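Working notes, beginning with the structure itself.
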């Protein structure tokens, strides 16, 4: 039996040392209305790995060797983020998710994030190859094999997909956050694509039951 998280043959997923779920809380009550999000680019650069410049000339066809290297880099970055979340106080990573969701308690499933990264593969199943970079179901990730990639872009995509379906509410009701909340959180973390979408106003109202009277909910 090989561990689904780190692919070690010495243990399974349940006993994997990388299988951590961390629940954190913030002061204050649950926010039931969307708030105006600061769009100052200087305050959106949280994960430096999202800020690496795109080297378009270095793009090349996908390869398993590139994917293997990218997985290693993404895995190390998730370990670094996990240590920040474990530390005392709220990290900027946690604050981005609380800011986007309005929740006052969230669970960060780092085991699932790393499993999502390690199980990534190239393919075209269930995707629009002209528009989609990748997709994930929270356990497996499929990356568009028809595109040209740089290693930096591949690492960012792996991290982006690992954040889907792995940060959850702790209160009663559906635990999963919706896609717009997740993408807003990633914009606050410095994801360039989601940051531009935020600037265009795509995430001005992300809460399903938003009670802000200024927003049009028709």
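What follows draws every value from the coordinates through simple rules; no lab data is involved. Just so it is clear, the structure is predicted and the values come from calculations on it, not from any experiment. With ideal geometry, Cβ positions are generated from the backbone for all residues, glycine too; neighbour counts draw on all protein chains shown.
When each of the peptides 59-68, 198-207 is scored by the mean number of other C-beta atoms lying within 10 Å of its residues, the order from highest to lowest reads 198-207, 59-68. Helix 151-162 and the longest principal axis of the C-alpha atoms of the chain enclose an angle of approximately 50°.
In degrees between 0 and 90, to the nearest 10, how far off the longest principal axis of the chain does helix 179-188 point, with axes built from Cα atoms? Taking the Cα atoms of the chain, the angle to 179-188 is about 90 degrees.
Working from the Cα coordinates of region 1-110, the gyration tensor eigenvalues give, after taking √(5λ), semi-axes of 30, 24, 11 Å in decreasing order.
Extension gain, residue 205 to residue 64: 0.36 nm times the residue separation minus the Cα-Cα distance gives 46.8 nm. Counting neighbouring beta carbons within 10 Å and listing from fewest to most, the residues 105, 91 come out as 105, 91. Axis angle, to the nearest 10 degrees, between helix 92-101 and the longest C-alpha principal axis of the chain: 60 degrees. The fewest-to-most ranking of 196, 135, 97 by surrounding Cβ atoms within 10 Å reads 196, 135, 97. For the chain, the mean projected area of the C-alpha convex hull, equal to one quarter of the hull surface, is 13.5 nm². Per residue of the chain, the DSSP helices (runs of n ≥ 4 H) give a summed -39500 (n - 2.57) that works out to -10500 deg cm²/dmol at 222 nm. Counting beta carbons within 10 Å around each of 124, 5 and listing the fewest first gives the order 124, 5.
Within the listed set 17, 174, 27, the residue fluctuating most in the Gaussian network model of the chain (springs between alpha-carbon atoms under 10 angstrom) is 27.
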